[in-house]
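Written out below as structure tokens is the structure these notes cover.
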Amino acid sequence: MTITLTSKIDDFGLTALSVEPKQKPIGGVVVIQEIFGLTDHIGEMCGVFADAGYHAIAPSLFDRIEKNFRAEHDQDGIQKGIVAVMKSPWPQVVSDIQAAIDALPKPVYVTGFCYGGAATWMAAAECSGVSAVSCFYGRLIAKILNHKPKAPVMLHYGARDASIPPENVEEVRLAAPDSPLYLYDAGHGFCRVGSSDFNAPARELALSRTLDWFARWR
């Protein structure tokens, strides 16, 4: 199901995926996209959290650039996504995420993948009403460490991720010593079915840890 959220920073109406559980929700989860937009992968992740009892919402963070933004998983798509990231300042992104948080039943958690992993860190630092977050392979987190999380943070990285060097991960580890940080024997995007780096055991373990983490802060 697609809904419209209103971002308070500019009263912009952005689209979002909304997936509700079959029973009364135990809380809400904001699922934050990669640079590719609201792909099938993000829709599937919303379904994972709905199956676990949460109402999941994934905001389309690049709607101002292109309504229903989608980019392919190729070099042209990556460039399209990078341009979209550069045109989306953090205060705007935080406001969009806050709109999703405000639309969900409490308690609310946030998770995101790649670019969304960094946006998840920003949500922990800058948004209100966040009980805990789980960041997946967020290379840009190392560039926003001056934004200190107010909510508990869990972090996941692939040990064989060619796009995130070990020193990047270590920088985050040192900046967030109280945050659980896990390395998996996998590459980048190991949660995304169809990715060349998809790793089912790593995905299953990371999502299990995420659900346990959220339950801890319920």
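Kindly evaluate Ala56 against the criterion of being free of Cβ contacts under 8 Å to residues at least 60 places away in the same chain, surrounded by fewer than 24 Cβ atoms within 10 Å (Cβ to Cβ) and of a type in the set (A, V, I, L, M).
Values: free of Cβ contacts under 8 Å to residues at least 60 places away in the same chain: yes; surrounded by fewer than 24 Cβ atoms within 10 Å (Cβ to Cβ): no; of a type in the set (A, V, I, L, M): yes.
In short, no.
For region 127-143, indicate whether the set of residues that are among the small types (Gly, Ala, Ser), modelled with pLDDT of 95 or more, surrounded by fewer than 24 Cβ atoms within 10 Å (Cβ to Cβ) and assigned to a helix (DSSP H, G or I) is non-empty. Full working, then the answer.
First pass over region 127-143, keeping only residues among the small types (Gly, Ala, Ser): 128-129, 131-132, 134, 138, 142.
Checking the rest, the ones that are also modelled with pLDDT of 95 or more come to 128-129, 131-132, 134, 138, 142.
Restricting the remaining residues to those that are surrounded by fewer than 24 Cβ atoms within 10 Å (Cβ to Cβ) gives 128-129, 131-132, 142.
Then drop every residue that is not assigned to a helix (DSSP H, G or I), which leaves 142.
Yes, some residue in region 127-143 is among the small types (Gly, Ala, Ser), modelled with pLDDT of 95 or more, surrounded by fewer than 24 Cβ atoms within 10 Å (Cβ to Cβ) and assigned to a helix (DSSP H, G or I).
Going through region 91-126 one residue at a time, which ones are surrounded by fewer than 21 Cβ atoms within 10 Å (Cβ to Cβ), in contact with a helix residue (DSSP H, G or I) (Cβ under 6 Å, 6 or more places away or on another chain) and either among the hydrophobic types (A, V, I, L, M, F, W, C) or more than 26 Å from Pro25 (Cα to Cα) (or both)?
Within region 91-126, Val94 is the sole residue that qualifies.
Restricting to region 151-206, count the residues that are within 27 Å of Trp217 (Cβ to Cβ), touching a helix residue (DSSP H, G or I) at 6+ places or on another chain (Cβ under 7 Å), surrounded by fewer than 16 Cβ atoms within 10 Å (Cβ to Cβ) and among the small types (Gly, Ala, Ser).
Selection size over region 151-206: 0.
Residues being closer than 18 Å to Arg216 by Cβ and either assigned to a helix (DSSP H, G or I) or modelled with pLDDT under 95 (or both): count how many of those fall in region 88-112. Quick ask: steps written out before the conclusion?
In the first step, residues of region 88-112 are kept if they are closer than 18 Å to Arg216 by Cβ; the result is 106-111.
Restricting the remaining residues to those that are either assigned to a helix (DSSP H, G or I) or modelled with pLDDT under 95 (or both) gives none.
Residues flagged as closer than 18 Å to Arg216 by Cβ and either assigned to a helix (DSSP H, G or I) or modelled with pLDDT under 95 (or both) within region 88-112 amount to 0.
The values are calculated or read from the model by the stated rules, or taken from the named source; none is laboratory data. Remember, it's a predicted structure, so these values are computed and weren't measured experimentally. As a convention, Cβ positions derive from the backbone with ideal geometry for all residues, glycine included, and neighbour counts pool all protein chains shown.
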